[in-house]
Amino acid sequence: MRVTTMSSSPLPLPLPPSTTSFTYSRGHHSSSSSNLSMVTNSPSQIQHWGCEDPYQHTSPNPPSKTRTIRYRLSQLCREGQPQIARQLFDSIPRPTTVIWNTIIIGFICNNMPDEALLFYARLKSSSPGTKCDPYTFSSTLKACAETRQLKTGKAVHCHVLRSHLYPSRIVCNSLLNMYATCLSSTDDETGSVDGDYSRYDLVRKVFDTMRKRNVVAWNTMISWYVRTKRCVEAVTHFMMMMKMGIRPTVVTFVNVFPAVSRMGDTKNANVLYGLLLKFGSEHANDLFAVSSAIFMYAELACLGAARKVFEQCLDRNIEVWNTMMGGYVQNNCPIEALDLFVKALESEHTVVLDNVTFLAALTAASQLQQLEFAQQLHAYIIKNSFVSSVIVLNAIAVMYSRCNCIEMSFSVFNRMQERDVVSWNTIVSAFVQNGLDDEGLMLVYEMQKQGFMIDSVTITALLSAASNLRNPETGRQTHAYLLRHGIQFEGMESYLIDMYAKSGLIEAAQRLFDKNCTYDRDQATWNAMIAGNTQNGLTELAFIVFKQMLEENVTPNSVTLASILPACNPMGSMALGKQLHGFAIRNSLDQNVFVGSALVDMYSKLGAITCAENVFAKSPEKNSVTFTNMILGYGQHGIGEKALSLFHSMRESGIKPDAITFVAVLSACSYAGLVDEGLQIFESMEREYRIQPSAEHYCCVVDMLGRVGRVVEAYEFAKELGKEGNLLGIWGSLLAACKIYGEFELGKIVANKLLEMESGNSTAGYHVLLSNIYAEEGNWEFVDKVRKMMQEKGLTKEIGCSWIDIAGYVNCFASRDRNHPQCDEIYEILGELATKMKDTGYRSCLNLQKGWISESEELENLCYDLDDI
DNA sequence: ATGAATATTT
């Protein structure tokens with residue numbers, strides 16, 4: 001660390017900024033890149049303040065009059081009337097340095113740094129005789145810092161050097177602050193710093209060459225280190241400063257607190273807070289310090305410590321309240337945040353709530369996801385604030401969207417007088433998150449039409465929509481837009497990977513994963529890749545990525561587990577599933593609602609319905625997915641009654657079933673033959689839950705009717721759906737029912753409908769079914785026709801396959817397969833079983849009497865048929 | 001009359 005060069009340098013600031021960046025204009029110079037050059041266009045019309053101006057004809061101004069006018073100027077600026085101050089200033093024929101300073105400072109105080117710079121330029125060009133003093137320099141440098149104008153700041157630096165005055169400590173501090181501010185934002189002129197100094201060295205150099213560094217200089221340095229994300233250096237500087245015997249101020253602590261909290265250094269946080277107390281009660285009671293300490297502890301998730309600081313502060317201002325509430329919100333504790341909000345309401349005689357308070361409450365309400373409370377809060381805000389700002393309205397829209405109430409969200413958006421990019425992003429995301437992806441995409445068009453630019457948040461919403469819609473076209477376009485417009489790529493990887501994987505383009509996802517984020521892959525990126533592999537059936541790859549993630553010490557979260565758990569099912573490995581369950585328990589992730597749902601699904605798909613039941617019973621939190629998975633499990637295990645009763649208790653507990661829940665419960669009814677119950681539930685879908693039945697639901701009902709032989713009813717029902725949706729499944733299950741119940745005429749009608757629908761290899765099964773129907777009728781001519789049709793289309797029926805995990809080894813069985821090591825034994829037992837079945841009255845669907853196949857073949861086919869049922 | 005600094009929606 002170099003902090004020792006202060007006495008060796010002859011010049012206080014040996015950093016002549018290059019003359020090229022000296023952009024202040026003197027008229028004959030070209031002044032291409034300077035903001036100061038605007039001075040030549042500045043309409044310095046002399047306007048009179050008031051009717052009479054006592055100074056209009058007096059020149060030069062007498063000292064006493066100067067004092068009066070300076071006083072009036074600063075008073076106007078303090079009263080927030082800089083425009084009137086400007087008029088007064090313009091009426092003065094020859095303003096003195098002090099007058100110039102006053103107007104410049106006045107603009108800065110009124111948050112008009114650009115105006116301040118214009119007046120500095122005017123001072124330099126229109127009255128070259130007027131000297132600048134330390135006040136001029138430090139004020140102007142502040143304006144440069146506020147406007148992030150490094151070039152202008154350098155020009156002022158030059159003026160300081162040329163003034164041949166030894167710059168005062170305050171001017172040096174102002175210079176340091178100007179460089180530190182301009183060289184820490186991301187949008188500055190990176191790399192354009194000339195000479196041998198990198199941007200960081202420049203700030204260091206100014207600091208190192210200062211003759212006397214007081215606490216302000218140190219504070220500036222600490223704050224600069226924190227802003228440029230070098231927290232270790234910030235703390236090191238703090239300690240060096242202490243060692244040199246410089247007494248820290250409140251600002252020092254306010255600056256250094258975020259350094260330790262960002263590092264997650266609770267120990268040093270306690271040390272620093274202890275130091276703050278040690279340096280006197282005026283420190284501990286300072287509201288800036290209290291607020292910063294609360295924020296620090298909240299960022300470290302030490303909410304107890306934060307609350308203690310909060311409670312110890314007796315004279316809280318609104319910032320302190322807001323910081324504490326924000327701390328709870330940040331740590332996902334909406335109840336505590338809202339509790340505090342109520343307390344703030346109760347102490348309204350001591351503080352006035354502002355928009356930031358409402359924002360914190362609204363964000364907490366978004367986390368709480370209780371529509372009723374959301375509406376109460378909304379009503380309260382309407383009643384108690386005169387005009388809500390865009391930010392507050394945006395937060396209200398978010399809140400309704402999180403409560404799954406898109407109608408309210410949209411109506412808030414619709415009624416907004418003024419909208420910003422965040423409003424648009426909010427409403428687009430709201431639609432996408434509530435399953436209205438197409439509407440979300442349309443709103444992006446509208447947004448662009450109204451002149452708002454797509455930004456990185458819009459991109460994430462677009463990618464989610466593309467992913468939900470399985471629409472790689474939209475996804476690719478969005479990816480291209482992102483690259484073409486140079487929108488920040490960081491943080492986008494997981495969305496892109498998810499989109500490509502869900503759209504079935506797993507190679508593209510893998511490429512992104514491999515190339516674009518070889519280092520610094522965040523949790524979400526890993527999760528997206530694991531989920532992508534699982535969803536595309538690449539279960540082994542999913543496990544490889546999961547293992548890699550653990551090896552690279554990335555902490556898995558609930559999403560990781562919920563993504564990897566479904567990978568156990570295709571592998572049929574109960575051992576893996578149990579290992580993951582154990583892993584979840586060890587990492588205290590098993591209480592999570594997503595993990596619980598995934599565990600229920602995993603166990604029930606692996607046939608361990610009792611394990612699924614246990615996980616379900618022990619889940620502290622259950623959502624519609626948890627219930628749906630359990631109902632699905634019961635259905636698949638043929639326990640229709642339990643599925644139904646669980647569906648009813650779900651209703652009673654107030655958890656809203658969704659479209660998939662109905663698929664689960666209807667198919668459970670179907671498997672268990674509970675037709676009347678099923679039909680009743682189907683009818684309640686739209687009536688009670690306002691869920692429009694989709695093709696899948698129709699398919700369940702057709703299947704349900706078909707299975708019990710109510711084939712004609714099923715046919716009438718299927719016709720109701722018209723031409724929309726995935727009709728293939730509906731007609732397919734009807735066809736199977738026709739075959740089983742010998743409704744051959746209807747079967748043929750249905751089969752021909754099916755064959756009209758052109759749709760890949762999935763129709764192979766229907767061809768087989770149709771040929772079987774003809775075979776049962778003995779219509780061999782048509783059997784042949786159908787078989788030939790299949791050959792022409794190149795269709796082969798997919799071989800059914802099943803598997804079971806025994807002692808860690810997955811045994812796989814396929815029809816006519818002879819690869820299993822215990823193949824002979826297996827077929828022997830299968831033969832025995834088939835004989836027993838025949839003895840007890842089982843009849844093959846294929847009519848053996850026609851002599852179409854031999855008896856031994858028929859035995860084999862029996863196994864094949866069993867697989868089909 | 002000049003320098004350093006807390007809470008904020010997608």
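Read the figures in this text as sums done on the coordinates, not as results from a lab. Remember, it's a predicted structure, so these values are computed and weren't measured experimentally. Counting neighbours? That spans all protein chains shown, and the Cβs are built from the backbone with ideal geometry, glycine included.
Return A:453, A:789 ranked ascending by Cβ neighbour count within 10 Å, so the fewest neighbours appear first.
The order, fewest Cβ neighbours first, is A:453, A:789.
On a C-alpha basis, how far is the centre of the range A:424-484 from the centre of the range A:608-666 in Å? Whole number, if you could?
34
Based on the mean of other Cβ atoms within 10 Å per residue, sort peptides A:590-602, A:260-272, A:154-166 so the most packed one is first.
A:590-602, A:154-166, A:260-272
Compute the distribution of all C-alpha to C-alpha distances in the range A:329-418, in bins of 10 Å from 0, and list the percent of pairs in each, rounded to whole numbers.
18, 53, 26, 3
Taking other Cβ within 10 Å of each residue's Cβ, how do A:72, A:307 sort, fewest first?
Result, fewest neighbours first: A:72, A:307.
Among A:454, A:472, A:444, whose Cα lies farthest out toward the positive end of the dipole of the range A:420-478, if unit charges sit on the beta carbon of Lys, Arg (+1) and Asp, Glu (-1)?
A:472
With the dipole of the range A:214-315 worked out from charges on the C-beta (+1 for Lys and Arg, -1 for Asp and Glu) around the Cα centre, which of A:306, A:256, A:292 lies farthest toward the positive end?
With unit charges placed on the Cβ atoms, the residue in question is A:256.
With 10 angstrom as the radius, rank A:213, A:470 by how many other C-beta atoms surround their C-beta, starting from the fewest.
By the 10 Å Cβ count, ascending: A:470, A:213.
Name the lysines eligible as straight-distance cross-link partners of residue A:785: C-alpha to C-alpha under 25 Å, and not fewer than 8 places from it in the same chain.
A:739, A:748, A:753, A:793, A:797, A:850
Rounded to the nearest Å, what's the spacing between the alpha carbon centres of the range A:307-359 and the range A:129-186? Just the number, please.
Taking the Cα centre of the range A:129-186 as reference, the centre of the range A:307-359 is 39 Å away.
Tell me the GluC sites (Glu not before Pro) within the range A:588-670 that lie in a loop according to DSSP and have at most 14 other beta-carbon atoms within 10 Å.
Numbers: sites: A:613, A:621, A:641, A:652; in loops: A:621.
Answer by residue number: A:621.
Read phi for every residue in the range A:612-628 and hand back ³J(HN,Hα) as whole Hz from Karplus 6.51 cos²θ - 1.76 cosθ + 1.60, θ = phi - 60°, with x for Gly and Pro.
Each residue of the range A:612-628 in turn: 4, 4, 4, 4, 4, 5, 8, 5, x, 10, 10, 10, 5, 5, 4, 4, 4 Hz.
Which lysines have a Cα lying under 28 Å from the Cα of residue A:343, excluding residues fewer than 8 positions away in the same chain?
Filter leaves A:308, A:383.
Per residue of the range A:691-702, in order, report the coupling 6.51 cos²θ - 1.76 cosθ + 1.60 (Karplus, θ = phi - 60°) as ³J(HN,Hα) in whole Hz, putting x for Gly and Pro.
10, 6, x, 9, 3, 4, 5, 4, 4, 4, 5, 4
Which of the pairs A:502/A:719; A:605/A:656; A:154/A:205; A:151/A:205 have their Cα atoms more than 21 Å apart in this structure?
Cα-Cα > 21 Å for A:502/A:719; A:605/A:656; rest within.
Among A:624-636, A:666-678, how do they line up from the highest to the lowest mean number of other beta-carbon atoms within 10 Å?
Answer by packing, highest mean first, reads A:624-636, A:666-678.
By per-residue mean of other Cβ atoms within 10 Å, what is the highest-first order of A:217-225, A:533-541? Let's see the in-between values first.
Details: A:217-225: 24.1, A:533-541: 18.3.
So the order, starting with the most tightly packed, is A:217-225, A:533-541.
Under 5 Å between amide H atoms, partner at least 5 residues away or on a different chain: which partners does residue A:815 have, H built in plane at 1.01 Å?
Close amide H contacts, sequence-distant or interchain: A:800.
Each residue of the range A:213-225 in turn: what ³J(HN,Hα) in whole Hz from Karplus with 6.51, -1.76, 1.60 and θ = phi - 60°, glycine and Pro shown as x?
10, 8, 5, 4, 4, 4, 4, 4, 4, 4, 4, 5, 4
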